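The values are calculated or read from the model by the stated rules, or taken from the named source; none is laboratory data. As the structure is a prediction and not an experimental result, all values here were calculated from the model. Cβ: placed from backbone, ideal geometry, glycine included. Neighbour counts: every protein chain shown. Note: accessible area is taken over every heavy atom of the protein model, side chains too, but ligands, DNA and RNA are not part of it. Shrake-Rupley method; radii C 1.70, N 1.55, O 1.52, S 1.80 Å.
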Amino acid sequence: MPVLCSDLSVVYGSRRALTDFRLSLQPGEIRGLIGPNGSGKSTALQSIAGLIRPTGGRVEIDGRPVHDLPRRTLARKLAYLPQQPAAPEDMTVEQLVRQGRFAHVGLFRRYSPEDEEAIGWALGGTGLTALADRSLRELSGGERQRAWIAAALAQQAQVLLLDEPTSFLDIGHQVDVLDLVHRLSRERGVAIVMAIHDINQAMAVCDAISLLRQGTLMFDGPPAALAGSGLIETVFQVQGRFIEVADGAAPHFDVSLAQHRSRHHQSRP
Ligand SMILES: Nc1ncnc2c1ncn2[C@@H]1O[C@H](COP(=O)(O)OP(=O)(O)OP(=O)(O)O)[C@@H](O)[C@H]1O
Ligand SMILES: [Mg+2]
């Protein structure tokens, strides 16, 4: 099992961000993490990445506690894309992506043909080959997000943690990134956990979904079971419904904006 979390709890000061979170991730599985703002998605990903030490419970990567793994060993097993990554702005796209290989290159920073191939593949897969020499400062928000995705991909780890990888992307690039995620899981057996706000994209791409509310796991199962649970409406406090769009395709959540507008107007003094 690439990732196993059990009874995971995280407290920031006096605030509980995650309570008894659990997750098991198989090779080649795509797990979607959904939930309202502040529900604990990033906290869960940071805990799995070994970046915050949970106050309770455990995270295992390949059967070993994540906090016991040396940094380079962990980086070969697991790649993590933060929600708001930060890098020196004068770095170029290619330099950033090269950094993704740090766990693979030797002490003298000699890049092997395999490293170069991984870097080229990551740039190509995110459509950034032509922008490789641009500095991060000169990129649009979506281009910069793709550069960070490329850096995580270049790591070629068997576990990929993505915190809202499509939040700044236009619809075309969203589809490209989700396709890439799908191919990585199916063709290379990469196990992926992805925090994502678009419920329909999560339903379409993920094998399993974890739904969080205020740090508590409300649902853990396949998309079809989530659609029938009524939990989306309750947890996000929206009116809407799941509609079948095509045989074999995930149902589509249709939120009713008109009802919301009228509710909003009614509640005004
Ligand atoms: N470093 C921190 N120190 C204190 N509180 C934090 C910290 N990071 C997050 N929190 C709090 O923990 C809770 C969970 O935050 P988290 O970032 O995990 O939410 P999220 O589900 O990723 O939200 P979003 O959809 O906005 O990204 C929130 O109440 C947040 O305010
Ligand atoms: Mg977050």
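Details
- For chymotrypsin sites (Phe, Trp or Tyr not before Pro), the sites in the stretch 16-111 that DSSP calls loop and that have at most 15 other Cβ atoms within 10 Å are F102, F108, Y111.
- Förster radius 22 Å - calculated FRET efficiency between A225 and S6, Cβ distance, rounded to 0.05: 0.55
- Nearest 10 degrees, 0 to 90: helix 141-154 Cα axis against the chain principal axis: 60
- Each label was represented as a point 7 Å from its Cα along the Cα-to-Cβ direction; for D254 and R64 these points are 5.1 nm apart.
- Between R16 and M91, the modelled label-to-label distance comes to 3.7 nm, taking each label 7 Å out from Cα in the direction of the beta carbon.
- Cα centroid of the stretch 155-175 to Cα centroid of the stretch 65-100, whole Å: 14
- Using heavy atoms of the protein chains and a probe of 1.4 Å, the accessible area assigned to E116 is about 80 Å².
- Förster radius 30 Å - calculated FRET efficiency between V245 and T129 (Cβ-Cβ, nearest 0.05): 0.30
- Accessible surface of the stretch 3-224 [probe 1.4 Å, protein heavy atoms]: carbon and sulfur percent: 48
- Distance between the stretch 206-258 and the stretch 111-146 - C-alpha centres, whole angstrom: 34
- Per residue, the accessible area of the chain comes to 50 Å², computed with a 1.4 Å probe over protein heavy atoms only.
- Percentage, to the nearest whole number, of Cα pairs in the stretch 3-224 over 24 Å apart: 41
- Most mobile of G50, G228, G248 in a GNM of the chain (Cα contacts under 10 Å): G248
- GNM result for the chain, Cα springs below 10 Å: residue of I48, I243, I209 fluctuating most strongly: I243
- Gyration tensor (Cα) of the stretch 3-65, equivalent ellipsoid semi-axes in angstrom: 19, 14, 9
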